[in-house]
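Asks: Just passing along the structure, written as structure tokens.
The values are calculated or read from the model by the stated rules, or taken from the named source; none is laboratory data. Since we're looking at a predicted model, the values are computed, not measured. Counting neighbours? That spans all protein chains shown, and the Cβs are built from the backbone with ideal geometry, glycine included.
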Amino acid sequence: MAKSDALLPISAREEDPLLSDGSRSDPNAETHGRRRPVKGLLAVSFGLFFIAFYVALIATHDGSRSNDVKIESDGTATKASRAHLAGVSEKSNDQLWKLSGDRNTVAFSWNNSMLSWQRTAFHFQPEQNWMNDPNGPLFYKGWYHFFYQYNPNAAVWGDIVWGHAVSKDLIHWVHLPLAMVADQWYDANGVWTGSATFLEDGSIVMLYTGSTDKSVQVQNLAYPEDLNDPLLLKWVKFPGNPVLVPPPGILPKDFRDPTTAWKTSAGKWRITIGSKINRTGISLVYDTTDFKTYEKLETLLHKVPNTGMWECVDFYPVSKTLVKGLDTSVNGPDVKHIVKASMDDTRIDHYAIGTYFDSNGTWTPDDPTIDVGISTSLRYDYGKFYASKTFYDQNKGRRILWGWIGESDSESADVQKGWSSLQGIPRTVVLDTKTGKNLVQWPVEEVKSLRLSSKKFDMEVGPGSLVHIDVGSAAQLDIEAEFEIKKESLEKILGDASAAAEAEEFSCQKSGGSTVRGALGPFGFSVLAHESLSEKTPVYFYVAKGKDSKLITFFCTDSSRSSFANDVVKPIYGSSVPVLKGEKLTMRILVDHSIVEAFGQGGRTCITSRVYPTKAIYGAAKLFLFNNAIDATITASFKVWQMNSAFIQPYSEEAVRALSRT
Amino acid sequence: MHLLVLNVLREKMMKTMMMMVMMAMMMGVAMGDIVDKTCKQTPDYSLCLSLLRSDPRSSSADTVGLGLILVDKIKALGTETLGQINMAYKTKPMLKKPLDECNLRYKTIVDVDVHTAIIAIKGNPKFAEGAIVDAGVEASVCEGGFPKGQSPITGLTQKMNKICDVTRAIVRMLL
């Protein structure tokens, strides 16, 4: 019937053409009937669209963070985002192995002889399995304590608990039973990194991050069960844990690694904890009187856009004038403050020097162009070095730096050899009183107690020379060297106006390594070198002509030919190093099997490398001095010591007694 | 009269159905957007899409969930490759040495890298990134051990590397 037809909604009517032979029904009838029902349908579908869109918005925010890099119009942000990208690509180069061109026709595989050689003689490492961040280092009742992230079950990360060891001298360690395990809901998924604070009465509190049974990051309080036990074997977790949970605006997985506390002028204790908001790395600040309840400051200690998550934040004073360490609570006109953070995105530790304002718990850098975390900002170490932490050693009045040195090999090899990771040699840290613009690090004095026999050398080395330095076994060495470029060579280069200023273009990473010859470099030592030089790890200076006839000195470690193996990372590390007028070029190198630590200009630039030679091992590891410069003759004056083992002992009361007698 | 009621009811049903279809479409498009948006930020958009969409969990997963789906793919591919390696011992016995090495490497992928990636992705993603990068390395090293042109698993190696690259990109979003 025509009348009822007109009342039917267009959908029904439109159905008919579809249901029939597909030919369209009368178009006039369609358009006439379309208006009223279609309006309603449109309204309904718009409403649905908005609901669905809203739901989608919520869904996309769940768990994932915004990826949008905030591109601001001012220059610093652009620089920062460029730097962020640069940081990522550095990381990619580091981690993306390229199969080496010198690949053998036979498959390379690690044998036990090669792998067991890799274990170090005098660097801290547990007897087996995986280790990462240093935790809660402290000195108490005659013992240096070291705690660390440890996996008791495998040579890869996981099941993290706190390992523990003690030493009288930061070098000779005895392992102790695990200090803390994941036995509470609030640290069931990991007993993560933390720091120790000494209270006025000499007692100790430990704050650490727990990953809860729901993988939320919270801060927990622990303390020694018995302060009369100098070994601090047993630790008690505060029953009221956690003492801090992620505050509003902070994601549950962006809240970890509480610092040692320092006293404010108001008499409270203050800590800082790294985090992020979108892509801005930040450090939150809390005040407390009892370490159980906290008030969060509205201000942040500091923040830097486009640096990502800040892990293992460290904050401490350094003297502007004295070459000594300062207790974390020291403040005053003769003091600068260091903010350091480990960048999750790039696995690089950065620090900056600045001024702390106690009244509101903020800190500003002296030089914002090299603010914490920007790729060009200062680093403790230009090699493999992460999650570092300092502590004040009240025993000898120094500030000491620990750093986690991970492996640069494959996990197959780690599983096969049964262990993974080292700690760097503990270093003292002070402000460079000569430049005022960087820290200076140096292996603790006690390393010298490992020195056995030594040989002294003085030689002049012409351009394109290689000298075998016969020191016998060459896998455990301490080398201290002084270099000078002969005056005539320098004058020739500086006087030659046509010689390009290459310093602007040069970088250790990108300029081809130790075999690329320049006018004034590279020159230095090849450690862990095979006599055929098919495997070697050069540590060297490269002096380049800069603008205005200035010379810029670079300090590099080239591991690109350190091993035939094609499943290890072989980067070229390094940086420019400040050289002041009248200074000779100096370097110190600690060689300890699969780790090489190089210190340039008294520790102004430090480079830690992991190397895994396949041939230059045991008796076949040799030491060479080289000068690959085209024009410069250098004089080298150096001493090489054989290094003893530190004989790090597994836990036994006998071992403890033996150490306490030293 | 009845016809009118029936028609009205039919009209209401059609309307409701249309609503539901529209809603499902909107939801589908919106949810699929997370997968789409995520995959756009990886080095291989189409591979990422096909891997994720082949798993029904992807329609309601967050970034961690998407990462876990891909880690599952790595495990499956690794296991498949181990099977191929085993078969190759019989068909190409002269390649025993590189096959042994591949066996070791792929066992690391399936038993070690995958396991580490799964626990780390939920709590501390940088360790998951390391494990995934390692999986790619183990695969490449295994492949590199064969004399040129003689690898029985080249296609699988290439696939592993591509999946690892995509997975790594997604894990990096969690940093």
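Asks: Could you please let me know if A:Gln149 is more than 19 Å from A:Asp229 (Cβ to Cβ) and either within 14 Å of chain B (Cβ to nearest Cβ) or among the hydrophobic types (A, V, I, L, M, F, W, C) (or both)?
Replies: yes
Asks: If A:Phe647 passes every condition in (1) in contact (Cβ under 8 Å) with a residue 40 or more places away in the chain; (2) on the phi < 0 side of the Ramachandran plot; (3) not in a strand (DSSP E or B) but one, which one does it miss?
Replies: (2) is the only condition that A:Phe647 fails.
Asks: Still on this structure, please answer the following. Pick from segment A:411-442 the residues that are among the β-branched types (Val, Ile, Thr) and touching a helix residue (DSSP H, G or I) at 6+ places or on another chain (Cβ under 7 Å): which of them is farthest from the other protein chains (Cβ to nearest Cβ)?
Replies: A:Ile425
Asks: Also, I was wondering about something else. In the set B:Leu95, B:Leu99, B:Leu49, which member is under 14 Å from the mean Cα position of the chain (by Cα) and surrounded by 18 or more Cβ atoms within 10 Å (Cβ to Cβ)?
Replies: Only one candidate qualifies: B:Leu49.
Asks: Name the pairs whose Cβ atoms lie under 9 Å apart, with the first residue in segment A:255-266 and on the phi > 0 side of the Ramachandran plot, the second modelled with pLDDT of 95 or more and aliphatic (A, V, I, L, M), and 6 or more positions between them or separate chains?
Replies: A:Asp257/A:Ile273; A:Asp257/A:Val313; A:Asp257/A:Ala387
Conditions tested, residue by residue: (1) over 20 Å from A:Asp287 (Cβ atoms); (2) more than 14 Å from every other protein chain (Cβ to nearest Cβ); (3) not aliphatic (A, V, I, L, M).
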residue	(1), (2), (3)
A:Leu178	yes, yes, no
A:Trp185	yes, yes, yes
A:Gly202	yes, yes, yes
A:Val205	no, yes, no
A:Val218	no, no, no
A:Pro224	yes, yes, yes
A:Val236	yes, yes, no
A:Asn241	no, yes, yes
A:Ile250	no, yes, no
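Asks: With the condition kept exactly as written, say whether any residue in segment A:336-353 is farther than 24 Å from A:Trp404 by Cα and hydroxyl-bearing (Ser, Thr, Tyr).
Replies: no
Asks: Which members of segment A:535-573 meet the condition of being more than 26 Å from the chain's Cα centre (by Cα) and not β-branched (Val, Ile, Thr)?
Replies: Hits for segment A:535-573 are A:Glu535, A:Ala544, A:Lys545, A:Gly546, A:Lys547, A:Asp548, A:Ser549, A:Lys550, A:Leu551, A:Phe564.
Asks: Okay, moving on. Name the residues in segment A:372-393 that are crowded, with 24+ Cβ neighbours inside 10 Å and under 26 Å from A:Asp287 (Cβ atoms), would you?
Replies: Listed by number, the residues that qualify are A:Val372, A:Gly373, A:Ser388, A:Lys389, A:Thr390, A:Phe391.
Asks: Further, regarding this structure: Among strands (runs of 3 or more DSSP E) lying entirely in segment A:292-360, which contain 3 or more residues that are of a type in the set (A, V, I, L, M), out of contact with any Cys (no Cβ under 8 Å at 6 or more places or on another chain) and crowded, with 17+ Cβ neighbours inside 10 Å?
Replies: Because the criterion is at least 3 residues that are of a type in the set (A, V, I, L, M), out of contact with any Cys (no Cβ under 8 Å at 6 or more places or on another chain) and crowded, with 17+ Cβ neighbours inside 10 Å, the strands (runs of 3 or more DSSP E) in segment A:292-360 that meet it are A:335-343, A:348-357.
Asks: Among the residues of segment A:629-640, how many are buried (at least 19 other Cβ atoms within 10 Å of the Cβ), touching a Lys or Arg at 6+ places or on another chain (Cβ under 9 Å) and in a strand (DSSP E or B)?
Replies: Going through segment A:629-640 one residue at a time, the tally reaches 3.
Asks: Okay, next question. Out of A:Glu484, A:Glu480, A:Glu460, I need the residue that is in the same structural domain as A:Thr515 (by the TED database), in contact (Cβ under 8 Å) with a residue 24 or more places away in the chain and touching a Phe, Trp or Tyr at 6+ places or on another chain (Cβ under 8 Å). Which one?
Replies: One residue alone meets the criteria, A:Glu480.
Asks: Taking the residues in segment A:374-410 that are of a type in the set (Asp, Glu) and more than 14 Å from chain B (Cβ to nearest Cβ) as candidates, determine which candidate is farthest from A:Val330 (Cα to Cα).
Replies: A:Asp381
Asks: Within segment B:76-92, is there a residue that is in a helix (DSSP H, G or I), within 7 Å of chain A (Cβ to nearest Cβ) and either free of Cβ contacts under 8 Å to residues at least 40 places away in the same chain or under 25 Å from A:Gln217 (Cβ atoms) (or both)?
Replies: no
Asks: Does segment A:419-436 contain any residue that is over 29 Å from A:Leu326 (Cβ atoms) and either among the aliphatic types (A, V, I, L, M) or surrounded by fewer than 22 Cβ atoms within 10 Å (Cβ to Cβ) (or both)?
Replies: Yes.
Asks: Can I ask one more? Within the set of pairs 6+ apart or on separate chains, which have a first residue in segment B:132-144 that is at the interface with another protein chain (Cβ under 8 Å from one of its Cβ atoms), a second that is in a helix (DSSP H, G or I) and aliphatic (A, V, I, L, M), and C-beta atoms under 6 Å apart?
Replies: Short answer, once both residue conditions are applied: B:Glu138/B:Ile109.
Asks: Something else now. Identify the single condition in (1) more than 9 Å from every other protein chain (Cβ to nearest Cβ); (2) under 17 Å from the mean Cα position of the chain (by Cα); (3) not in a helix (DSSP H, G or I) that B:Val166 does not satisfy, given that it satisfies every other one.
Replies: Of everything listed in (1) more than 9 Å from every other protein chain (Cβ to nearest Cβ); (2) under 17 Å from the mean Cα position of the chain (by Cα); (3) not in a helix (DSSP H, G or I), B:Val166 misses just condition (3).
Asks: Does segment B:96-114 contain at least one residue that is at pLDDT 95 or above, in a helix (DSSP H, G or I), more than 10 Å from chain A (Cβ to nearest Cβ) and closer than 30 Å to A:Pro252 by Cβ?
Replies: There is at least one residue in segment B:96-114 that is at pLDDT 95 or above, in a helix (DSSP H, G or I), more than 10 Å from chain A (Cβ to nearest Cβ) and closer than 30 Å to A:Pro252 by Cβ.
Asks: Okay, next question. Where residues in segment A:152-176 are within 24 Å of A:Pro242 (Cβ to Cβ) and within 11 Å of chain B (Cβ to nearest Cβ), which of them is nearest to the chain's Cα centre (by Cα)?
Replies: A:Trp157
Asks: Quickly run through segment A:393-411 and pick out the residues that are in a strand (DSSP E or B) and in contact (Cβ under 8 Å) with a residue 60 or more places away in the chain.
Replies: Passing the criteria: A:Asp393, A:Arg398, A:Arg399, A:Ile400, A:Trp402, A:Gly403, A:Trp404, A:Ile405.
Asks: Right, another one. Just to be sure before I move on: is A:Phe255 among the aromatic types (Phe, Trp, Tyr) and either within 24 Å of the chain's Cα centre (by Cα) or farther than 29 Å from A:Ser359 by Cβ (or both) in the structure I sent?
Replies: Judged against the criteria, A:Phe255 is a match.
Asks: Looking at A:Thr355, A:Thr390, A:Thr346, which one is touching a residue at least 60 places away in the same chain (Cβ under 8 Å), hydroxyl-bearing (Ser, Thr, Tyr) and closer than 18 Å to A:Ala261 by Cα?
Replies: Selected residue: A:Thr390, the only one of A:Thr355, A:Thr390, A:Thr346 that is touching a residue at least 60 places away in the same chain (Cβ under 8 Å), hydroxyl-bearing (Ser, Thr, Tyr) and closer than 18 Å to A:Ala261 by Cα.
Asks: Quick check on this structure: which one of A:Thr260, A:Thr193 is within 29 Å of the chain's Cα centre (by Cα) and away from chain B (no Cβ under 14 Å)?
Replies: A:Thr260
Asks: Next question. Would you call A:Ile425 outside any strand (DSSP E or B) and within 18 Å of A:Ser609 (Cα to Cα)?
Replies: So A:Ile425 fits the description; yes.
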